[in-house]
1. Bin width 10 Å, alpha-carbon pairs only: give the P(r) of the stretch 33-94 as whole percents, running from 0 to the bin holding the largest distance.
2. Distance check, please: which entries in K26/K267; K142/K267; K126/K173; K44/K88; K142/K221; K112/K252 exceed 19 angstrom between their Cα atoms?
3. At what distance in nm do the modelled label points of A155 and S140 sit from each other, each positioned 7 Å from its Cα along Cα→Cβ?
4. Treat the stretch 143-190 as a sphere of radius equal to its Kirkwood radius over Cα pairs and apply Stokes-Einstein at 37 °C in a medium of 0.692 mPa s; give the translational diffusion coefficient in µm²/s, rounded to a whole number.
5. Between E285 and Q86, what FRET efficiency comes out of the Förster formula 1/(1 + (r/R0)^6) with R0 = 25 Å and r the beta carbon distance, rounded to 0.05?
6. To one decimal place, what Kirkwood hydrodynamic radius in Å is obtained for the stretch 124-269 from all pairs of distinct Cα atoms?
7. Once Rh for the chain is found with the Kirkwood sum over Cα pairs, what is the Stokes-Einstein diffusion coefficient at 37 °C and 0.692 mPa s, in µm²/s?
8. Cα-based Rg (one decimal) and Dmax (whole number) for the stretch 10-161, in Å?
Amino acid sequence: MNLELLTKEPKESKGFFKRLKTGLSKTRQLLTTDIDELFSNKRKIDDDLLEELEELLITSDIGVQTAMDLIQSISKRSASISDAGQLKDALKEKILALLGTKTPPPAPLAAKPHVIMVIGVNGVGKTTTIGKLAAKFAVSQKKVLIAAADTFRAAAVEQLVIWADRAGVDIVKHKDKADPAAVAYDAIEAAVARGADIVIVDTAGRLHTSVNLMEELKKIKRTIAKKLPDAPHEILLVLDATTGQNALSQAKMFNDVLGVTAIALAKLDGTAKGGIVVGICNALEIPLKYVGIGEKIEDLQEFDPELFVDALF
């Protein structure tokens with residue numbers, strides 16, 4: 001197994017926070033600098049200031065409804081807020097409440113193999129996220145198998161082969177344009193035969209045929225369940241943080257059809273739309289499980305609300 005980048009896992013928390021803070025720098029600059037300016041002339045919190053703050057929050061892609069919720073909370077506490085520092089503290093407290101408190105420890109894998117079906121539109125970082133997940137599981141001594149069921153995009157399969165080789169995990173693939181559900185079925189069969197702990201199933205994000213994408217994904221889900229009752233155990237939706245509110249629309253669309261169990265938010269680094277994390281957690285009853293802040297394997301981590309809020313301000 002090629003573990004050159006994988007062995008740093010236990011020492012990552014401080015390094016990851018630093019990279020997360022760097023990744024959120026554009027959003028943080030947008031929020032903190034402008035909040036400081038709101039109080040530049042020793043203003044009191046009034047309707048005009050609250051309106052400017054609401055506009056600021058929406059610009060960071062927190063979302064209209066979430067921004068309104070935050071403003072309502074700040075308005076109720078306005079008498080006790082007299083400077084930018086107090087306003088930021090109040091926002092941090094409320095945002096943390098919206099995100100939930102500490103992330104629960106990962107639940108033990110209830111089934112073997114544990115099947116994770118990964119979905120998302122093309123270009124969001126789905127294939128890379130799968131590669132990083134496979135590598136993380138491999139470091140934890142889990143036997144992993146990847147199903148390359150995005151057969152409509154040869155580049156996706158090639159990329160997964162590279163990741164599988166790098167992480168030292170198995171991969172099941174068919175020829176181009178093969179039936180994606182058949183690939184998923186064969187992968188589950190292989191995983192059972194080989195005693196794999198985890199199967200990660202890649203899927204298409206866009207179809208170039210007359211087949212409807214959602215129907216194709218539902219077919220894969222049904223096929224997995226036929227081979228392994230109760231599977232897939234997770235349906236992980238990968239979203240691109242840089243697309244802001246569009247990511248929220250995608251989440252609603254996929255969730256309505258497939259029942260998403262968790263979200264991985266990729267490309268959080270370098271975006272001024274970091275507020276989308278708050279919007280997603282507030283608008284959807286779907287846990288945000290992973291955030292990605294770069295290209296390295298260790299740049300995909302479990303989402304920690306407290307770490308995120310500290311990095312945001």
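1. Taking every Cα pair in the stretch 33-94, the percentages come to 23, 64, 13.
2. Result: K142/K267; K142/K221; K112/K252 exceed 19 Å.
3. Distance between label points: 3.1 nm.
4. It diffuses with D of about 311 µm²/s by this estimate.
5. E(calc), rounded to 0.05, equals 0.20.
6. Computed over Cα pairs of the stretch 124-269, the Kirkwood hydrodynamic radius comes out at 15.5 Å.
7. 160
8. According to the Cα coordinates of the stretch 10-161, Rg and Dmax are 21.5, 62 Å.
The values are calculated or read from the model by the stated rules, or taken from the named source; none is laboratory data. Bear in mind the structure is a predicted one, so any value in this text is a computation, not a measurement. Cβ: placed from backbone, ideal geometry, glycine included. Neighbour counts: every protein chain shown. Remember, those area values only see protein heavy atoms, side chains included, never the ligands or the DNA or RNA. Shrake-Rupley method; radii C 1.70, N 1.55, O 1.52, S 1.80 Å.
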